[in-house]
1. What does the charge dipole of the chain about its Cα centre add up to, to the nearest 20 debye, if the Cβ of each Lys and Arg holds +1 and the Cβ of each Asp and Glu holds -1?
2. So what is the calculated 222 nm ellipticity per residue for the chain, using -39500 (n - 2.57) for each DSSP H run with n of 4 or more, over all residues, to the nearest 500 deg cm²/dmol?
3. Which residues' amide hydrogens lie under 5 Å from the amide hydrogen of Asn120, considering only partners 5 or more residues apart or on another chain, with H built in the peptide plane?
4. Give me the accessible area per residue for the chain, probe 1.4 Å, as a whole number in Å².
5. For Lys246 and Ile65, calculate 0.36 nm times their separation in residues minus their Cα-Cα distance, and state this gained length in nm to one decimal.
6. Charges on Cβ only, +1 for Lys and Arg, -1 for Asp and Glu, centred on the Cα centroid of the chain; of Ser247, Ile177, Cys46, which one is farthest towards the dipole's positive end?
7. Roughly how far apart, in whole Å, are the Cα centres of region 150-190 and region 37-99?
8. Which angle from 0 to 90°, rounded to the nearest 10, does the C-alpha axis of helix 62-71 make with the longest principal axis of the chain?
Amino acid sequence: MKIILFGEDGFSSIVLQSLIEEKHNILGVFCPFYNNKIHIKLSKICEKNNISFKITSDFSSDVFINEITSLQPDVGVICHFQKLIKKELINIPKYGFINLHPSLLPKYRGMSPQHWPIINGDNETGITVHFVDENTDTGDIISQVKIPIGKDEYVFELQNKMKPIYSTIVKESIDVILKEDKTKYVKQNHLKGSYYKKLKEDHLKININKSYMDAYNLIKGVSFPYPGARLDNLIIWKVIPVVDNKSFFNFKNGIVTLENKEKFIKFNDGVLKIVKLNKSNER
């Protein structure tokens, strides 16, 4: 299978490596321009395997579309790619484009799908491979795997559970496509869909007037290697719910520092013990 891959990070590199090991013909890997080194793993794999790697600032230009057309790909693979592609590009590969989206579509379409299920207190999430259409994460589903979320699980732990699935689900989806049996594809139920935007600074703020579980889920969902949850001038990386919290009854909501220097966050309905933190100017 002749494949082009659009990606930008270490998760994309897992998918790329799986396709190389499956002996597919990787015609090129394309990454958006960012002012960082997020693409390093991808570029190193390409260099090692003599695959063309390009950083591109405009995926909708006539020049880029002509370049992809000239490659004559069978399928385009997208993984962790934060840009929408236009119809002219979608229609170039023989089988179209497919996308790996780390949620149980149609839930959590859009951005930050690895974070929002934890923040919202869900007990499961998953990974979906679907066809790309002109809308956001709405194309027919090819493959889907469910993943449980532990009640005390942080985002990096969830991602570690996802990585082995990244190494298999795309190549398995391509096998399904090659059989050309469209009855295997599943139409998404748009009425049950949800859409979330990219996490922004306001999303990181702990609200001490809400439930302690809301704060706990937020902290777990945005912790290392991400920016971390914020309260006052602190970045809260890790906490533990306090079971016996009667001794905190007379404290005001917010940061509580005991004589032994241990820090806690008190809410109306519970208390979290801070295990790891930084001042916001120390990160």
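1. Values: 40 positive and 32 negative charges, 141 e Å.
Magnitude of the dipole: close to 680 debye.
2. On the way: 7 runs with 74 residues, N = 283.
Mean residue ellipticity, 222 nm, calculated: -8000 deg cm²/dmol.
3. The list, which skips near neighbours in sequence, is empty: none.
4. Working: 15090 Å² over 283 residues.
Here the per-residue accessible area is 53 Å².
5. Extending this stretch completely gives an extra 58.7 nm.
6. Ser247
7. 20
8. 60
The values are calculated or read from the model by the stated rules, or taken from the named source; none is laboratory data. Since this is a predicted model, take the numbers as computed values, not measurements. In this analysis, Cβ positions are derived from the backbone assuming ideal geometry, glycine residues included, and neighbour counts consider all displayed protein chains. Just so you know, the surface numbers come from the protein's heavy atoms only, side chains and all, with ligands and any DNA or RNA stripped out. Shrake-Rupley method; radii C 1.70, N 1.55, O 1.52, S 1.80 Å.
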